[in-house]
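Data block below; observations after.
What follows is calculated from the coordinates using simple rules that are stated; it is not laboratory data. Keep in mind the model is a prediction, meaning the values are calculated, not measured. Don't worry about glycine lacking a Cβ; one is built from the backbone with ideal geometry, like all the others, and counts go over all protein chains shown.
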Amino acid sequence: MEGSKKVYEDEEQALKVRFQEWMNKFNRNYKDEAEKAYRFEVFKSTVQYVEKFNAEQVKKYGCCKCTLGTNKFADLTVEEVSNKFCGKRSRQC
């Protein structure tokens with residue numbers, strides 16, 4: 001069990017580094033540590049979705065027919081993106 005805990009901690013640390021690099025790239029600053037922690041959790045969820053989607057593409061087609069990545073919206077929830085670009089009336093664009 002200790003080995004799996006170590007792997008999780010290593011992955012978590014790698015995601016924290018990736019998040020910080022992403023924040024630097026897209027000039028993201030948050031009002032406080034609570035907001036940053038929340039946005040990190042959203043970012044992690046986005047990364048998991050992206051990696052799962054890309055892996056499924058490879059499994060299904062032998063390559064990626066299209067590749068997702070972590071763009072400037074990676075710290076926003078689906079609802080936030082939808083509200084921002086589609087208006088509050090619509091759940092999806």
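Here are a few things to note about the model shown:
- Distance between the modelled labels on LYS65 and GLU41, one decimal in nanometres: 3.5 nm (7 Å Cα→Cβ projection).
- Scattering curve values for the stretch 19-78, log₁₀ I(q)/I(0), Debye with Cα scatterers, q = 0.16, 0.18, 0.20, 0.30 Å⁻¹: -0.55, -0.65, -0.75, -1.22
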